[in-house]
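One structure below.
The values are calculated or read from the model by the stated rules, or taken from the named source; none is laboratory data. Because the structure is a prediction, the values reported are computed rather than measured. Glycine gets a Cβ as well: all are built from the backbone with ideal geometry, and neighbour counts include every protein chain shown. Accessible surface is based on the protein model in full, side chains and every heavy atom, while ligands, DNA and RNA are left aside. Shrake-Rupley method; radii C 1.70, N 1.55, O 1.52, S 1.80 Å.
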Amino acid sequence: VSQSRYWGYVFDVSNNRISHISAGVSTAFVGLSSGIFTITAQQYITSSDANIKQDILPFTEGMDIVEHLNPVTYRYKSAPTATPQLGFIAQDIEPVLPNVVSLVDGVRGVAYDRLVTVLVNAIKEQQG
């Protein structure tokens, strides 16, 4: 594996740090051992090059999915006095957009960056 294609994350429980390794550059992120992490970075990039994709098809859904999204405020049970967060409940999104919900160790998560595609289409429909 060439260095420019090396990506990874390292969690050091001794000092509650996550390190992200990208193309040989390490950037430290500070986190909490309870599983709630605040990641600070100048940018976050998801690979999107056509050269690494196949079966590319237009995605046309938008407003029909947005109408089923229910934004909520919440606090994590592990941090009941923390500032309320904004977001969604994964179980509510899963029936209408299952490919943005993941299940790891029995806990569902939402890939919020994937919602951008749906929102762009919803805006296009409104402007239509």
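The table below gives the values:
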item: Loop sites in region 46-128: GluC sites (Glu not before Pro), DSSP, at most 12 other Cβ within 10 Å; result: Glu67
item: Heavy atoms of Asp92: accessible area, 1.4 Å probe, square angstrom to 10; result: 70
item: Contour minus Cα-Cα distance for Ile123 and Asn51 (0.36 nm per residue); result: 23.1 nm
item: Base-10 log of normalised Debye intensity for region 55-128 (one unit scatterer per alpha-carbon) at q = 0.11, 0.18, 0.20 Å⁻¹; result: -0.34, -0.80, -0.93
item: Ser48 accessible area, 1.4 Å probe, all protein chains in place, Å² to nearest 10; result: 80
item: Solvent exposure ordering (accessible area, 1.4 Å, most first) of Lys77, Lys124, Lys53; result: Lys77, Lys124, Lys53
